[in-house]
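A short worksheet on the structure shown next.
The values are calculated or read from the model by the stated rules, or taken from the named source; none is laboratory data. Please read all numbers here as calculations on a predicted model, not as lab measurements. Positions of Cβ are backbone-derived with ideal geometry, glycine not excepted, and every protein chain shown enters the neighbour counts.
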Amino acid sequence: MFKSGPLNLITDVAGLKVGNAQDQRLKSGVSVVVCEEPAVAGVQVLGGAPGTRETDLLEPHTLVQAVNAITLSGGSAFGLDAPSGVQAALREQGLGFTVAGYNVPIVPGAILFDLPNGGDKDWGRYSPYRELGYEAAINAATGAFPLGTVGAGTGATIVGMKGGLGSASTVLANGITIGALVAVNALGSVTVGDTDHFWAAPFEIGEEFGGLGWPAPIPSNAQTLRSKATPAIANTTIAIIATDAKLTKAEAKRLAISAHDGFTRAIWPAHTPLDGDLVFSLATGRTEKVLDQADYIELYAAAGATMARAIARGVYHATPEEPDLLPTWSERRQQR
């Protein structure tokens, strides 16, 4: 049986810092995971409409073996400016991949589409995402950070309610820690039918997202496909799965693949042609344990379970802000 880390956040993974920056008038923001030391990374894209930066270099056959940070941003393609701000902050700190005597911070990133969410997007010539990325990186720290309507989850939505930024962690029996960070902005639904019960319920630890469990009986409309009224313009769930285990780039890619199981456990439907669903992976290598086959199986299973929990927690912790177009999960539950 899995147990959560002391913070139940991705920062339970040794060697990682998290920073968030948001603009409530804009109804959007940026989240960044900064590696205290360069970390092995991977990526797996399964959605049909991704928006990414520096993902090709994460493939196992490419030159760069580690990254300095990973950025998640709102703003659609405009949000691809956010990694530039993160890169600027890290360059000021002397961090990066050394090339011919120059430090080049390696900062892959991905975006979600949150433009039509009621926020003011009239920002003038240049978008604010580079500055938001810089602010998030400067503020990155170990320890606790808020969930819900914060960072890249600030303007996120799902079917009938607000999405948000979620995180969770798991400590395995062998001592290895795994953590997830996710901005939930899915086309599909995270709750079963027309109930308040989360699809991720079987993986919940304690009452981390309400403790409701499965609805009983399962509603007859549980299999009914539910999606946003304007699905083509407001989707994508983007995430990071991280561990303190020592992994190769190929093993890190397998970790990212496995974490997508959490999407399918927590969102119905997931990986649609109108989502840019993506998972980055990070391995800080802070533990000395040599993994055997059983350890790998447990690690990859925990990746999916931890991601499912993080998704539910992101929606569960969303808070109301003016001028919201949709209620939060808590507001909808209170109205029933």
Output yes when any residue across the stretch 275-287 is within 21 Å of ALA256 (Cβ to Cβ), of a type in the set (A, V, I, L, M, F, W, C) and assigned to a helix (DSSP H, G or I), and no when none is.
no
So ILE176 clears everything in (1) at pLDDT 95 or above; (2) under 16 Å from the mean Cα position of the chain (by Cα); (3) not polar (S, T, N, Q) except one condition, right? Which one?
(2)
Considering only the stretch 1-113, give the strands (runs of 3 or more DSSP E) lying wholly within it that have at least 2 residues that are under 26 Å from THR319 (Cα atoms) and out of contact with any Gly (no Cβ under 6 Å at 6 or more places or on another chain).
16-23, 28-45, 67-73, 109-111
Restricting to the stretch 280-298, count the residues that are more than 14 Å from the chain's Cα centre (by Cα) and either closer than 20 Å to VAL45 by Cα or among the β-branched types (Val, Ile, Thr) (or both).
5
Would you pick out the residues in the stretch 267-298 that are buried (at least 20 other Cβ atoms within 10 Å of the Cβ) and within 16 Å of THR243 (Cβ to Cβ)?
VAL279, PHE280, SER281, LEU282, ALA283, THR284
Pull out all pairs, ordered by first then second residue, where Cβ-Cβ is under 7 Å, the residues are six or more apart or on different chains, the first lies in the stretch 186-212 and is touching a residue at least 60 places away in the same chain (Cβ under 8 Å) and within 29 Å of PRO50 (Cβ to Cβ), and the second is assigned to a loop (DSSP other than H, G, I, E, B) and among the acidic types (Asp, Glu).
ALA186/ASP275; LEU187/ASP275
Residues of the stretch 299-336 that turn out to be outside any helix (DSSP H, G or I) and either buried (at least 18 other Cβ atoms within 10 Å of the Cβ) or within 17 Å of the chain's Cα centre (by Cα) (or both), as a count
5
Does THR284 meet the test of being farther than 19 Å from ALA152 by Cα and modelled with pLDDT under 95?
no
From the options ALA39, ALA88, ALA14, residue that is at pLDDT 95 or above and surrounded by 24 or more Cβ atoms within 10 Å (Cβ to Cβ)
ALA39
In the set SER227, SER169, SER189, which member is out of contact with any Asp or Glu (no Cβ under 6 Å at 6 or more places or on another chain), among the polar types (S, T, N, Q) and surrounded by 20 or more Cβ atoms within 10 Å (Cβ to Cβ)?
SER189
Here are some conditions: (1) under 20 Å from HIS260 (Cα atoms); (2) more than 16 Å from the chain's Cα centre (by Cα). ARG91 meets all but one. Which one does it not meet?
(1)
